[in-house]
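Student: The following block contains the structure, expressed as structure tokens.
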Amino acid sequence: MTYLHYLILDSLERLGEERSVYSVYHIMKGKKSSQSIQDAHLFGLQALFLSLPKLKRDYFDRCVAVLQEKEFIMLNDDNRARLTRFGKEGLASYFQEKPYPAHMDGLKHGDQAILLWKRLSLLVQVLSNARMNETSYFPVQRDRKVQEWLKGFIRKQGKSDILSATLFEELHALLSQAPPGEDPGILVQRLTGYQDYGATEGQSADRLGMDREEYRFRFLNLLHFIIARAKEDAVVYPIVYSIIEEKEHIQPLTSSTKKTLDLFQKGIPVEEIARIRELKVNTIEDHLIEIILTLHDFPVTSFIDEGVYGDVLGVLTELKTKRLKPIKERFPELSYFQIRAVIAKAGETP
């Protein structure tokens, strides 16, 4: 079994039979839907969001089938998985030997990591060739937007030799702090310089003796680590920070949810928002749950009395579940939306 099999297994354990296995598939794909974003928040799967945007459904199905064949999981009729004793033991054993990508946060950094790599790899190539006065070479990134960004970036930074030295110092400092067990070579050997093309993802995996799925997650783990550290201390890492921050703004909410938020903040009731936007009330409620999960200062008391919120939170803790039905049985007077709002606000507490 590969690294991906065990990440799926770990994800299914976090779901605890509360969602189908395809919740994991949509999270790994980075599906920009309210449901996938909610599930990533609620079940502690933020790390894996947008980790495999090209993941095919049939390949994911084969991975799940392997977990069944190994008797690591049992599936019920609606594709909810329960880990067996073998599955729990295998999972615990595997991640004692292999590092879990603990610095990944696809919800925060997924889009940024993709663009950071495009910009950084091209910047290193251009600076390396400029140092040798070489102007004839094939750029490692063909994306026109990335190339245009690079021209403006270098122009603003001034002398390329100073920029080159500063970037080297920042990357060296950041990679020297790499998480325990992570080899900076995972990233460095992918970089292209003067007359020295970087390795492909597959070549790097082979050189490091990893399966390609493990390599991909550890590569992303390093990129996410660099983004988080550069944001924490922009004064120390001004070049890397500016590469990250000069990208186009990423909305923390899906575009449709943002429209709902704009109307809600104007004091328009949920039913009226649904009428204006020509959407179902359930869809607007999905948007509001996404907002609660994403904007931590958004008041859940807009939908439920503060005292009742505390009561429901107590039952969540008691039952240790995020399923709606058992909570509804305790609070029949509440709507399912109100219960979902409490679960969303409670985050991963239950």
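Student: Go over the candidates Gln38, Gln46 one by one and state the one that is modelled with pLDDT under 95 and open to solvent by 30 Å² or more (accessible area, probe 1.4 Å).
Tutor: Gln46
Student: Collect the residues in segment 69-110 that are without any contact (Cβ under 8 Å) to a residue 24 or more places away in the chain and assigned to a loop (DSSP other than H, G, I, E, B), keeping them in residue-number order.
Tutor: Of all residues in segment 69-110, those without any contact (Cβ under 8 Å) to a residue 24 or more places away in the chain come to 69, 71, 74, 77, 84-86, 89, 92-93, 96-97.
Across segment 69-110, the qualifying residues are Glu71, Asp77, Thr84.
Student: For segment 11-28, name all the residues that are on the phi < 0 side of the Ramachandran plot and surrounded by fewer than 20 Cβ atoms within 10 Å (Cβ to Cβ).
Tutor: Passing the criteria: Glu13, Arg14, Glu18, Ser20, Tyr22.
Student: Sort out which residues of segment 303-330 are at pLDDT below 85 and over 24 Å from Arg14 (Cα atoms), and write them in order of number.
Tutor: Once the filter is applied, which keeps residues that are at pLDDT below 85 and over 24 Å from Arg14 (Cα atoms), segment 303-330 yields nothing.
Matching residues to (1) touching a Pro at 6+ places or on another chain (Cβ under 8 Å); (2) over 24 Å from Ser51 (Cβ atoms); (3) in contact (Cβ under 8 Å) with a residue 60 or more places away in the chain; (4) not hydrophobic (A, V, I, L, M, F, W, C):
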| position | (1), (2), (3), (4) |
| --- | --- |
| Gln112 | no, no, yes, yes |
| Leu120 | no, no, yes, no |
| Leu150 | no, yes, no, no |
| Arg155 | no, yes, no, yes |
| Asp161 | no, yes, no, yes |
| Leu167 | no, yes, yes, no |
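Conditions (1) charged (D, E, K, R); (2) open to solvent by 70 Å² or more (accessible area, probe 1.4 Å); (3) more than 21 Å from Tyr241 (Cβ to Cβ), marked per residue:
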| residue | (1), (2), (3) |
| --- | --- |
| Val140 | no, no, yes |
| Leu150 | no, no, no |
| Ile154 | no, no, no |
| Ala165 | no, no, no |
| Glu170 | yes, no, no |
| Ala173 | no, no, no |
| Ser176 | no, yes, no |
| Gly185 | no, no, yes |
| Tyr194 | no, yes, yes |
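Student: So is Ser242 small (Gly, Ala, Ser) and open to solvent by 60 Å² or more (accessible area, probe 1.4 Å) or not?
Tutor: Considered against the rule, which asks whether it is small (Gly, Ala, Ser) and open to solvent by 60 Å² or more (accessible area, probe 1.4 Å), Ser242 comes out as no.
The values are calculated or read from the model by the stated rules, or taken from the named source; none is laboratory data. Owing to the predicted nature of the structure, the values given are computational and were not obtained by experimental measurement. Neighbour counts run over all protein chains shown; Cβ positions are idealised from the backbone, glycine included. In case anyone asks, the SASA skips ligands and DNA or RNA and just uses the protein heavy atoms, side chains included. Shrake-Rupley method; radii C 1.70, N 1.55, O 1.52, S 1.80 Å.
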